[in-house]
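Every number here is computed from the coordinates shown, using simple stated rules; none is lab data. Small disclaimer: the values here were computed from a predicted structure and weren't measured. Every residue, glycine as well, gets a Cβ built from its backbone with ideal geometry; the counts of neighbours run over all protein chains shown.
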Amino acid sequence: MFEQQKSGTDRRAFLRRGASAAGIGALLALTREPARADSDDRDNDGLTEGDLQILVAAEIAEALAVTTYTNIINNAPFFTRLASDDQGYLKAARQEEMSHYLLEKSVSKQDSPFTRFFYPKNMFASAQVTLNTLVTLEEAFIAAYLVGVRRFSTNNLKVTAGRIMGIESDHRTLARVIAPGVAAQDGGPIEHITGIQGVSEDVDPPNNNGYERTLGWTDIQQAVNALLTFVDPARAMAAGFDIGKSYQFVPFTPTLPSPLGDFHSFQG
């Protein structure tokens, strides 16, 4: 029993120090041994090892989301030819993802261990590739936060995961709304998008889910495995990503679209 407690404490301390210096090994550390979020072995902030693992994975996901939206807005040619309300959606999504990141950081007390990301070839040059990837990521985020709903050790964390998941669901739907509005010179209108399940789906209707998809994920390690493709050069290359260029996560102070939708407390 002593050895089990020491192992958990050592692993949690490793994550607490900030995993940036450990490189890819930090993310792989999350996949080696399933953590029990319901354990009574809590740190001084009341977090279990499992809670912290979910939070670290979520921070990586949100850093990736912020980087994705930032580069769509700044570098994707099709963005400038979208309708103004569609541009506004992408800009608001960037603010929301940054807010999620900072909230999670406030609980974990550490930054994301990864701040540079790889993408598929033609990620920001091709509207089809951009939207396929965006929907893929949002579907992964939805499933990951549902793992949080399942695995977090407190009701406050579970409800917060559900609240963030709802916003990621908004993003998935609105990414599908944008597709038919892509200009002809950018390959539009786009009528089908392929998400994380590898199936080309009609964008009509854009809100095509009766229930959010769990992807069969029941443990945060499954979400971490999906993130590896975007942070590990070997995994990225195997997936056909462009490893000749990586994109830097640049934090900022977000302004949410409406004060009614701000985060007021963990009690909801």
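Computed from the mean reciprocal separation of all distinct C-alpha pairs, what Kirkwood hydrodynamic radius does segment 39-127 have, in Å? Please report the intermediate quantities before stating the final value.
Numbers: mean 1/r = 0.0682 Å⁻¹.
About 14.7 Å for segment 39-127.
Could you list, bin by bin from short to long, the percent of Cα-Cα pairs of segment 48-249 in 5 Å steps?
P(r) over segment 48-249, rounded to whole percents: 1, 8, 16, 21, 21, 17, 10, 4, 1, 0, 0.
Can you compute 3J(HN,Hα) from phi for each residue in segment 153-166, using the Karplus curve 6.51 cos²θ - 1.76 cosθ + 1.60 with θ = phi - 60°, rounded to whole Hz and x for Gly and Pro?
Whole-Hz 3J(HN,Hα) from phi for segment 153-166: 8, 10, 5, 4, 5, 4, 5, 4, 4, x, 5, 5, 4, x.
Return one quarter of the surface area of the convex hull spanned by the alpha-carbon atoms of segment 157-237, equal to its mean projected area, in nm². Walk me through the intermediate numbers first.
Details: hull surface 28.7 nm².
For segment 157-237, averaging the hull's shadow over all directions gives 7.2 nm².
Would you order LEU82, LEU52, LEU256 from fewest to most other beta-carbon atoms within 10 Å of each residue's own beta-carbon? It would help to have the intermediate numbers written out before the result.
Working: LEU82 21, LEU52 24, LEU256 14.
If I rank by nearby Cβ atoms, fewest first, I get LEU256, LEU82, LEU52.
At 10 °C and a viscosity of 1.306 mPa s, what translational diffusion coefficient does Stokes-Einstein give for segment 76-159, taking Rh as the Kirkwood radius over Cα pairs? Give it in µm²/s as a whole number. Don't skip to the end; give the middle numbers.
Details: Rh = 15.2 Å.
My calculation gives 104 µm²/s for D.
Could you give the spread of the C-alpha atoms of segment 211-251 along their three principal axes, from largest to smallest, in whole angstroms?
37, 29, 19
Applying 1/(1 + (r/R0)^6) with R0 = 45 Å to the Cβ-Cβ distance of VAL199 and ASP45, what FRET efficiency is obtained, to the nearest 0.05? List each step's numbers first, then the result.
Numbers: r = 41 Å, r/R0 = 0.91.
The computed FRET efficiency comes out at 0.65.
I'm a student and want to see the number: the projected area of the Cα convex hull of segment 195-264, averaged over all directions, in nm².
8.4
Once you have the alpha carbon radius of gyration of segment 63-110, what is it after dividing by 2.2 N^0.38 Å, with N set to its residue count?
Here the Cα radius of gyration is 1.31 times the empirical estimate.
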